Ligand SMILES: Nc1ncnc2c1ncn2[C@@H]1O[C@H](COP(=O)(O)OP(=O)(O)OP(=O)(O)O)[C@@H](O)[C@H]1O
Ligand SMILES: [Mg+2]
């Protein structure tokens, strides 16, 4: 693990003054509905809907400090990945509406909406495709016109934060599963998203890296995070609120800490807390 925490506030402020990070994302006054889902239904071809009548709002202004971090829980196969892929426009809903920062998610708004969202796939291999991980991490920023010197500095800082500085010129298949996961996260964060959506981000990470990842996420300057995970206690440390999917619906939308005490309820929804 790198000894310098990139979440050191001075470091963040240096990034802001160097124009590498946007300071607007720290603004606690902003209180737009960042993610709004209305009566979403999703069915894979000719099958019964996996998601039925899903509605929820995620408002950055609801949370202390203007940052909302939300857990998406649900048993295996309950539809978490499907819902997250609906939110980023990879799977258009069968019916219902999704608005991101007030913009209806449609094919023509997709490029604009994608600019706000950082999305981490459940499988990190889906994220990394360049010959080296340094190129993977600079790919997005270069595409958006960030000057190469700044993109490379940002990538190297992220690689250091994730303990991967010695692996910059390796290809993804020369990394361990956990290292690949961290490299994929670095590639997402390099784009400075204001909305961060992560599908099982702790997969393949050891306890020390799970803790480090939690610390990283807690200090990121994003407005809304939505994280699907089976690690309920880890979610309890990172998020404030939980949505629980079961039977194609959101059965629970509540603060996470009291919910984690409701062991019988969670057990009935296929989520035994201590396993
Ligand atoms: N491409 C597909 N075609 C048909 N059905 C699919 C497809 N992908 C997923 N499903 C089905 O949709 C349901 C929801 O899958 P999804 O991957 O969203 O669940 P999940 O909650 O993310 O599960 P996990 O915890 O295992 O990641 C499952 O029953 C799954 O079998
Ligand atoms: Mg999944």
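The values are calculated or read from the model by the stated rules, or taken from the named source; none is laboratory data. Computed from a prediction, not measured in an experiment: that's the story for all the values here. Here the Cβ is made from the backbone with ideal geometry for all residues, glycine too, and neighbour counts use every protein chain on show.
Where strands (runs of 3 or more DSSP E) fall entirely within segment 173-275, those with at least 3 residues that are under 20 Å from the mean Cα position of the chain (by Cα) and either at pLDDT below 95 or within 16 Å of ligand 2 (Cβ to nearest atom) (or both) are at 195-199, 224-228, 241-246. Only a single criterion out of (1) within 28 Å of residue 232 (Cα to Cα); (2) at pLDDT 70 or above is not satisfied by residue 7, namely (2).
Is it the case, given these coordinates, that residue 149 is modelled with pLDDT of 95 or more and crowded, with 19+ Cβ neighbours inside 10 Å? Answer is no for this residue.
Quick check on my filter: what residues within segment 23-47 are at pLDDT 50 or above and away from ligand 1 (no atom under 16 Å from the Cβ)? Spell out how you get there, then give the answer.
Here is the first cut: in segment 23-47, the ones at pLDDT 50 or above are 31-47.
Selection gives 31, 32, 33, 34, 35, 36, 38, 39.
Any residue in segment 72-92 that is more than 16 Å from ligand 1 (Cβ to nearest atom) and over 15 Å from the mean Cα position of the chain (by Cα)? Checked segment 72-92: no residue is more than 16 Å from ligand 1 (Cβ to nearest atom) and over 15 Å from the mean Cα position of the chain (by Cα). When 82, 76 are checked against the criterion of being farther than 17 Å from residue 99 by Cβ, within 14 Å of ligand 2 (Cβ to nearest atom) and surrounded by fewer than 17 Cβ atoms within 10 Å (Cβ to Cβ), 76 stands alone in meeting it. Within segment 149-172, the set of residues being in a helix (DSSP H, G or I), farther than 23 Å from residue 202 by Cβ and either touching a residue at least 12 places away in the same chain (Cβ under 8 Å) or touching a strand residue (DSSP E or B) at 6+ places or on another chain (Cβ under 8 Å) (or both) comprises 150, 151, 152, 153, 154, 156.
Quick one: how many residues across segment 85-100 are within 16 Å of ligand 2 (Cβ to nearest atom) and in contact with a strand residue (DSSP E or B) (Cβ under 8 Å, 6 or more places away or on another chain)?
Pass one, segment 85-100, residues within 16 Å of ligand 2 (Cβ to nearest atom): 85-88, 90-91.
Remaining after also requiring in contact with a strand residue (DSSP E or B) (Cβ under 8 Å, 6 or more places away or on another chain): 86-88, 91.
Counting residues in segment 85-100 that are within 16 Å of ligand 2 (Cβ to nearest atom) and in contact with a strand residue (DSSP E or B) (Cβ under 8 Å, 6 or more places away or on another chain) gives 4.
For segment 111-148, a residue qualifies if it is within 18 Å of residue 185 (Cβ to Cβ) and touching a strand residue (DSSP E or B) at 6+ places or on another chain (Cβ under 8 Å), and the qualifying residues are 116, 117, 118, 119, 120, 121, 122, 127.
Yes/no per residue for (1) touching a residue at least 12 places away in the same chain (Cβ under 8 Å); (2) under 23 Å from residue 66 (Cβ atoms):
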site	(1), (2)
198	yes, yes
208	yes, no
220	yes, yes
233	yes, no
242	yes, yes
248	yes, no
261	no, no
270	yes, no
